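Every number here is computed from the coordinates shown, using simple stated rules; none is lab data. Owing to the predicted nature of the structure, the values given are computational and were not obtained by experimental measurement. Every residue, glycine as well, gets a Cβ built from its backbone with ideal geometry; the counts of neighbours run over all protein chains shown.
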Amino acid sequence: MTIREYTFEIFRFDPARDDEPTYRTYALDVPEGMTVLEALLRIQAEQDGSLAFRYACRGAVCGSCAMMINGREELACRTQVHGLLEHTRTRYQGADRQEVEEQDNDGTIRLEPLRNLEVVKDLVVDMDAFFEKFRAVEPWLRPEKPHPERERLVEPEEWAEAEPYTNCILCACCHSVCPVEEEDPRYLGPAALAQHYRFLTDVRDGADDERLVLVDGAHGVRRCDFVWNCVRICPKGVPPTEGIAKTRARITRREKSSGEKGRPTPKEVG
């Protein structure tokens, strides 16, 4: 088994004590197959018990361990340390999230919290604003017909459009990489809008008009710049931009069919 020493350069910040964030370095012998999360657990156990980060399932299902790993949004539990040096990786840098392809080869792993979210401590971010946007799109089924005696059956071909959007694990990687979130903190964001489309396209749902109103505002689907970073970064293959484009198309068709010049006032977040 190959063992190599890596230097972990980790963002440290405690708002209760620190005026500015700093980076601390930790050297660690990493065997082949070790993930970034496993490395963090060892650093916390063996070198610095004050280091704060989130994790839960350790199986890329809960989304809790999302963070910036060498400048790219990743799940720490599914990112192998050795693999970071073996392949060219795409990062999205700066406020405009410019795409840059680089290969790391100096043995240094930089870990930072997700962007566009307030830091609670170290690698832990406050997810309240993220979930507030999620709740604003009312991500629950609103069927038009009364409840049946048995479950509502859906044919596979009818479910195919909605299915990719059900894979979202609410990790907020797309929220972090989105340049519009950087410019406009009130923008609903790719995660919430993806979940909005998941219910909009669900054949069991009967609230299309009401749902379109929720996202048809200055901070809704019309605010998306179609950069597609969210699609490329998603660890579960959810395509938020595609759902946003299809939602905008539905809004346009509704306006044309109704002949309305104005639009109903949508709910705002923030």
Furthest towards positive pole of dipole, Leu214, Gln195, Ala162, structure part the range 127-258, Cβ charges: Leu214
Value of relative contact order over the range 12-102, rounded to a whole percent, pairs C-alpha under 8 Å and six or more apart: 23 percent
Could you tell me which residue out of Phe134, Ile10, Ser64 lies farthest along the dipole of the chain toward its positive end? Charges go on the beta carbon: Lys and Arg +1, Asp and Glu -1, centred on the Cα centre. Phe134
Quick one: if the Förster radius is 35 Å, what FRET efficiency do Asp126 and Cys57 give, using the C-beta to C-beta distance and rounding to 0.05? 0.95
Those trypsin sites (Lys or Arg not before Pro) from the range 41-102 that are DSSP loop and have at most 14 other Cβ neighbours within 10 Å turn out to be none
Counting other Cβ atoms within 10 Å, which GluC sites (Glu not before Pro) in the range 1-57 have at most 15 and lie in a DSSP loop? Glu32
At most 14 other Cβ within 10 Å, DSSP loop - GluC sites (Glu not before Pro), the range 76-111: Glu86
By the gyration tensor of its Cα atoms, with a ≥ b ≥ c the square roots of the eigenvalues, what is the shape of the range 177-238: rounded for a/c under 1.5, prolate for a/b over b/c, or oblate? oblate
Roughly how big is the chain's charge dipole about its Cα centre, with Cβ charges of +1 (Lys, Arg) and -1 (Asp, Glu), in debye to the nearest 20? 820 debye
Please give the calculated 222 nm ellipticity per residue for the chain, where each DSSP H segment of at least 4 residues contributes -39500 (n - 2.57) and the sum is spread over every residue; nearest 500 deg cm²/dmol? -8000 deg cm²/dmol
Using every pair of alpha-carbon atoms in the range 127-258, split the distances into 10 Å bins beginning at 0 and state the percent of pairs per bin, rounded to integers. 12, 44, 33, 10, 1
Could you give the distance between the Cα centres of the range 200-240 and the range 151-190, to the whole Å? 7 Å
With N set to the residue count of the chain, report its C-alpha Rg divided by 2.2 N^0.38 Å to two decimal places. 1.13
